[in-house]
1. Give me the residue from the range 306-321 that is surrounded by 14 or more Cβ atoms within 10 Å (Cβ to Cβ) and over 25 Å from the mean Cα position of the chain (by Cα) and, out of that set, modelled with the highest pLDDT.
2. Take the residues in the range 423-438 that are touching a strand residue (DSSP E or B) at 6+ places or on another chain (Cβ under 9 Å), open to solvent by less than 30 Å² (accessible area, probe 1.4 Å) and assigned to a helix (DSSP H, G or I); name whichever of them is farthest from PRO373 (Cα to Cα).
3. Just to be sure I understand, how many residues within the range 208-228 are in a loop (DSSP other than H, G, I, E, B) and under 26 Å from GLU379 (Cα atoms)?
4. Can ASP289 be described as at pLDDT 80 or above, open to solvent by 60 Å² or more (accessible area, probe 1.4 Å) and part of a helix (DSSP H, G or I)?
5. Restricting to the range 439-465, name every residue that is open to solvent by 60 Å² or more (accessible area, probe 1.4 Å) and closer than 25 Å to GLU398 by Cα.
6. Looking at GLY341 and the list (1) modelled with pLDDT of 85 or more; (2) open to solvent by 10 Å² or more (accessible area, probe 1.4 Å); (3) of a type outside the set (Asp, Glu), which single condition is not satisfied?
7. Residue by residue through the range 255-286, note down the ones that are in a loop (DSSP other than H, G, I, E, B) and at pLDDT 80 or above.
8. Counting just the residues of the range 394-422 that are modelled with pLDDT of 85 or more and of a type in the set (D, E, K, R), which one comes out most open to solvent (accessible area, probe 1.4 Å)?
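The values are calculated or read from the model by the stated rules, or taken from the named source; none is laboratory data. Everything numeric here is computed off the predicted structure, so don't read it as measured data. Cβ placement follows ideal geometry from the backbone for every residue including glycine, while neighbour counts extend to all protein chains displayed. In case anyone asks, the SASA skips ligands and DNA or RNA and just uses the protein heavy atoms, side chains included. Shrake-Rupley method; radii C 1.70, N 1.55, O 1.52, S 1.80 Å.
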Amino acid sequence: MQDGNQDNKNDRNSQKGGGGEGSFNWKGLILLFVALGLFVLAFKAEDLTSSSETIDYAEFKELVTSGKISVDADAKPPRQLKLVQKEASVEQYITGFYTKETNSENGPTTSFQEFKTPVNVGWAEDELRSLLKDNNLEITAHPVDSDGLGAALLSFYLPLIILLILLYLLFRHQLKSAGRGAMSFGKSKAKLMSMDKNKVTFKDVAGVEEAKEEVWEIVEYLRDPKKFQRLGGRIPKGCLLVGSPGTGKTLLARAIAGEADVPFFSISGSDFVEMFVGVGASRVRDMFDQGKKNAPCLIFIDEIDAVGRHRGHGLGGGHDEREQTLNALLVEMDGFDTQEGVIIIAATNRPDVLDPALLRPGRFDRQITVNLPDVHGREKILSVHAKKVKVAEGVDLEVVARGTPGYSGAELANVINEAALLAARKGLKAITLEELEEARDKVRWGKERRSLALSEDEKELTAYHEAGHALLGMLVKNTDPVHKVTIIPRGPALGVTMYLPEEDKYSYKKNYLLDRLILIMGGRVAEELVFGDVTNGATGDIRQASDIARKMVCNWGMSDELGMVEYGEGQEHLFLAKEISSPRNYSEATAQKIDDEVKKLTDEAYAEATRLIEENRDKLEAIAQGLLEYETLDGSHIEEIMEHGSIQNPPSSPTPPDLPSEEKEPEPEKKERSEENDGDFPGELAPAGA
């Protein structure tokens, strides 16, 4: 454990930004404002420093005739009438002093006020001479305003000189700061995390129990190294967290930081890459230098695939900045001069693109897979997030967990949040199961669009399409139970048929896949049988059926014609150069056989779906009419139709959407896309019209 001095040192490092990042240039900003102030002052200094009063020619004549003009050459300063004309200027004016009387507490007092009168001598010369002669006054001509020249030097040029000096100091400061910034390019951007606020522990991580057990050994080693060193064990140098997006890799790393009482640095893989060559490698070296100074410590690199990709797969010669950064990372993790005590924890959802040298033991000794949670894990994750909101008593989170197959931890957190927002919008005091199921559907498919104007023909078409799916869902044996059927537009879909798996599936039997193909064909078959025509509403169904059939033939060896052979590499090409250099590993004749087998599977499924729907045409009509009347039917309603031919316990009538008041303009509706499942087989069919 680190002592108090070390903690203070860490705090100082965290305040500096962790990687030589410069602070805000307050000094330069202050200098800039002072310079601008003096610049404005330079133009207005003459008006600010001048004490003379400007009067017009008529007021000047009145002062002369009233005898208030004061002339005294012996006074200090001398009081004289002057006709001033600046050199190389046509501006002329008369200056002098006049007697000004003011009233005060001690009685009337007399003072002398300097004045300034603009005058055009060429136009008023005769009148001016006569006026001055009649009042025994003389005027002295000054071709150049000598006093004004001194005032100009003092009020304009001096601030201008000061302005130039301040600008020089400002630019010199900026140049020095730029120099420090250039030198700090090679400094690491790793931030020393403070665990005082928003501390995350293993209690906040659920659904990944095996991953927690593996990383817990690292925490125990950091707490008590001697426990493991007695048997000769050494601390793992690296731990790679692998998993799909949203499974909680970063949250798990934060939990390690919260549990292990050691310095914890956090950085993203993209922070190493800059436009300048060599910066990434320099930042890697600086990051490990910081780690060695605080050893033992943890360094977390998020999205390491940004710098850890395969070397040698780029096109062209040229220098590759990522490769140099990766080489520096490889050397620092397990090179010739490697020091103990710095543990690297990295996270990625693309382990297939990482360089093999990075994954070998000695660098990343341990690869921990953070999988999507199973039904029990989903229930625990929902329980963790449900503690932060108010959930009504009696709400069974297991039902929600069963209805969210394939959901990641981030999606489950979003379900709870959407349910809380929905309950608040309804004015409820707690979240009920209805809000949770609505939030689940919204996260996967999008928000209901009850206000979407659909014609009666389109509603009827959608109802029969979804009725075909629901009917086959009840007729075929190897399928998940029907959970809900709706023709309410949701996201981009006009209708959705949802299924509720009884348990999570990790392997699929051939009979299940064949029944799945039959199930998918239900919408298109119902359209053709009822209307004698087909629409583009089965786009998602066709895509899903083609994907299943092609994987059965090419990847899973479920074709009698082609046998137990994998056709294709089993994964998409990750690099352009790899795609160019990797030809197809089967002949054109085999490709034709693959296409024939895929079409054979889909055609047989279509024929079987047609037979089943024709034999149960009355039930198809009953389900479709129920959808047209109630818009949404649960699985229990479909079972009643299959047993009794009609709905025995009809649902409540559909409620129209809540429209905004006339005073408020309706907010533009945000179009939400349905999330297509990346897995092999989702719990729901692709929506009609998708």
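1. Of the range 306-321, the ones surrounded by 14 or more Cβ atoms within 10 Å (Cβ to Cβ) are 306-311, 313-314, 320-321.
Still in the running and over 25 Å from the mean Cα position of the chain (by Cα): 310-311, 313-314, 320-321.
Working: HIS310: 80, ARG311: 76, HIS313: 59, GLY314: 53, ASP320: 69, GLU321: 72.
Top of the filtered list is HIS310.
2. It comes out as ALA423.
3. Residues flagged as in a loop (DSSP other than H, G, I, E, B) and under 26 Å from GLU379 (Cα atoms) within the range 208-228 amount to 1.
4. Working: at pLDDT 80 or above: yes; open to solvent by 60 Å² or more (accessible area, probe 1.4 Å): yes; part of a helix (DSSP H, G or I): yes.
Answer is yes for this residue.
5. LYS447
6. (1)
7. If the condition is that a residue be in a loop (DSSP other than H, G, I, E, B) and at pLDDT 80 or above, then PRO263 is the only one that fits.
8. GLU398
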